[in-house]
Amino acid sequence: MSRVSRAQAEENRAGIVAAAARLFRERGIQGVSLTDLTKSVGLTNGGFYKQFASKEALVTEAAAQAFNDRDSYLAGLDEGHPGRPDARRAMVEEYLSPEHRDDPGTGCPSAGFAGDLAQAAYDGNVTSQRTYADGVRRFVDWMTEDGDEGLVATCTLVGAILLARATSSTELSEEILQAARRSITDSLS
């Protein structure tokens, strides 16, 4: 049995976290087995337990990674637009698009982890819920300097994308995206 170098172990860990962040958003935490996860990065379940104490520990780290990725995306929007209002409008257009609706694995972690982490509170996984709340707070703060306005916009975005995904094979899905896009764009003007 060969030993894995420290660099390889760190690479394996990062691969598991990235795969978990994507798969948990695509299928839900309960919809992803450890075998699914480790197989997606070419490891065994034993390799998982060398990296993480539990699946719950991975959930916390995957949620943190997904929110950090979202923060980087938002920072890129800030850099690519002349001001935050223009960056926000661009984000709303992307967020409330059929492409985002149809690709939850790379989508917003606020929507992607919402249902599972609501359940986590009942299951005692408070650490994951705190990580999630911190990520949502950063998103709210990016949306506006007015806390209430940012909360309303974030709730509208997340609620709309969840409903649009749940109705994706119907005309209602596009109506939801369009109505939410109009509402938020009007409120940000």
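The values are calculated or read from the model by the stated rules, or taken from the named source; none is laboratory data. Because the structure is a prediction, the values reported are computed rather than measured. Note: ideal-geometry Cβ built from the backbone for every residue, glycine included; neighbour counts use all protein chains shown. Quick note on the areas: whole protein, heavy atoms, side chains included, nothing else; ligands and nucleic acids left out. Shrake-Rupley method; radii C 1.70, N 1.55, O 1.52, S 1.80 Å.
To put it simply, the accessible area of the chain at a 1.4 Å probe is 51 percent carbon and sulfur. Spacing of the modelled spin labels on residue 106 and residue 54, each 7 Å from Cα toward Cβ, amounts to 3.3 nm. Given 0.36 nm per residue, what is the gain on full extension from residue 72 to residue 169 after removing their alpha carbon distance, in nm? Full extension of this stretch gives 31.8 nm more. Counting 0.36 nm for each residue step from residue 90 to residue 126 and taking away their Cα separation leaves a gain of 9.6 nm.
Computing FRET efficiency as 1/(1 + (r/R0)^6) for residue 30 and residue 97, where r is the C-beta to C-beta distance and R0 is 30 Å, gives about 0.65.
With the alpha-carbon atoms of the chain aligned to their principal axes, the span from lowest to highest coordinate is 61, 36, 30 Å, starting with the largest. Inter-label distance, residue 9 to residue 118: 4.0 nm, where each label sits 7 Å from its Cα along the C-beta direction.
Solvent-accessible surface (1.4 Å probe) assigned to residue 146 amounts to roughly 80 Å².
Rolling a 1.4 Å probe over the protein heavy atoms leaves residue 59 with an accessible area of roughly 10 Å². Each Cα pair under 8 Å and six or more residues apart adds its sequence gap; the mean of these over the residue count of the chain is a relative contact order of 23 percent.
Once you sort the root eigenvalues of the Cα gyration tensor of segment 1-84 as a ≥ b ≥ c, which label holds: rounded (a/c under 1.5), prolate (a/b larger than b/c) or oblate (the other case)? Prolate is the answer for segment 1-84, as a/c is 1.5 or above and a/b outweighs b/c. When shorter helices are ignored and each DSSP H run of at least 4 residues is given -39500 (n - 2.57), the per-residue value for the chain at 222 nm works out to -25000 deg cm²/dmol.
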